[in-house]
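A short worksheet on the structure shown next.
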Amino acid sequence: GTTTLTVPDGTATGLYWIIAKADGPGAIGEPNEVNNTRFALVRVGPDLAVTALTAPGVAGAGTTVSVNVTTKNQGGGDATAATSTRFYLSSNLIVDASDAALESHGVGPLTVGASATITTGVTMPTSMASGTYYLFAVADDGNALAESTENNNTRFVTIRIGADLFVSALTLPTRAGAGSAILVTDTIKNSGGGGSGPS
C-alpha cells in the first residue's frame, strides 16, 4: 500500500527513522512476532552544502583573489535564518583551529532547493610560505543553523601560493666542437601568483 505521512509540526531538525510495522496493533497471533518491522532513514529540516567553488589556481601571499561559491539548501525544510560561509586556508584536507580563517560572506534564508551564488574577494595571509594549499569554503560556519546533516558543509579547491619558476624557452646550437664555446639562451618565467627574489 501507499500512504501519505505527515511529519508532525514542531519536529526538531535531525535524522529520524520511519518504521513500518506489520500488524501494528498486534491483533493477529503469529509464530514469530519479532520480524514485523522495517525502517528507512529520513532527514527532517534544512541542510546547507557548498555545491560549487571556483578560485584561481595561483596566488601570492598578501594578494586578494576572487572566489565564487554556491551555498544550497538541499534539505527537506526551509533555512529560515541567515548564515555565513567562511573561507579557510589549510595545508591538509581537514579544517581545524590551526588553519588560517579568511573572509566570510552572509547567506540569507534559503527555501528548500534554493541556492545563493556569491563572489567574494579573499586575501591570502601575508605570512604564508610558498607551497600548495587547500582553500575551503564552509557553509554555516559556526553552526548557527540546526541542520539535518552537519558533515557535508565543506568544499575545497587547491591553490598554489608564491612564485613558481620554470625554464620556458631554451635555444642553443645543434652542433659544437670539443673545447669550443657555444651561446645558450634561456628564458625563466614565473608562473606563480607571487614575486620571487633573485635566483
Fill in: Selection from the stretch 179-199 of residues that are open to solvent by less than 90 Å² (accessible area, probe 1.4 Å) and assigned to a strand (DSSP E or B)
Thr185, Asp186, Thr187, Asn190
Worksheet item: Scanning for something within 28 Å of Ser196 (Cβ to Cβ), open to solvent by 60 Å² or more (accessible area, probe 1.4 Å), free of Cβ contacts under 8 Å to residues at least 40 places away in the same chain and not polar (S, T, N, Q), does the stretch 153-165 turn up at least one residue?
Response: yes
Worksheet item: Only one residue in Asp99, Asp47, Asp23, Asp78 is open to solvent by less than 50 Å² (accessible area, probe 1.4 Å), charged (D, E, K, R) and out of contact with any Asp or Glu (no Cβ under 8 Å at 6 or more places or on another chain). Which one?
Response: Asp99
Worksheet entry | Search result, residues across the stretch 56-75 that are among the hydrophobic types (A, V, I, L, M, F, W, C) and open to solvent by less than 20 Å² (accessible area, probe 1.4 Å) | Ala59, Val65, Val67, Val69
Worksheet, complete the sentence: Taking the stretch 81-91 and keeping only residues that are touching a strand residue (DSSP E or B) at 6+ places or on another chain (Cβ under 7 Å), open to solvent by less than 80 Å² (accessible area, probe 1.4 Å) and in a loop (DSSP other than H, G, I, E, B), one is left with Ala82
Item to complete: Return a yes/no flag: does the stretch 150-163 have any residue that is acidic (Asp, Glu) and either touching a Pro at 6+ places or on another chain (Cβ under 6 Å) or in a loop (DSSP other than H, G, I, E, B) (or both).
Response: yes
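The values are calculated or read from the model by the stated rules, or taken from the named source; none is laboratory data. Here the structure is a predicted model, which is why all the values come from computation and not from measurement. Because the Cβ atoms are built from the backbone with ideal geometry, glycine has one as well, and the counts that use them run over all protein chains shown. Just so you know, the surface numbers come from the protein's heavy atoms only, side chains and all, with ligands and any DNA or RNA stripped out. Shrake-Rupley method; radii C 1.70, N 1.55, O 1.52, S 1.80 Å.
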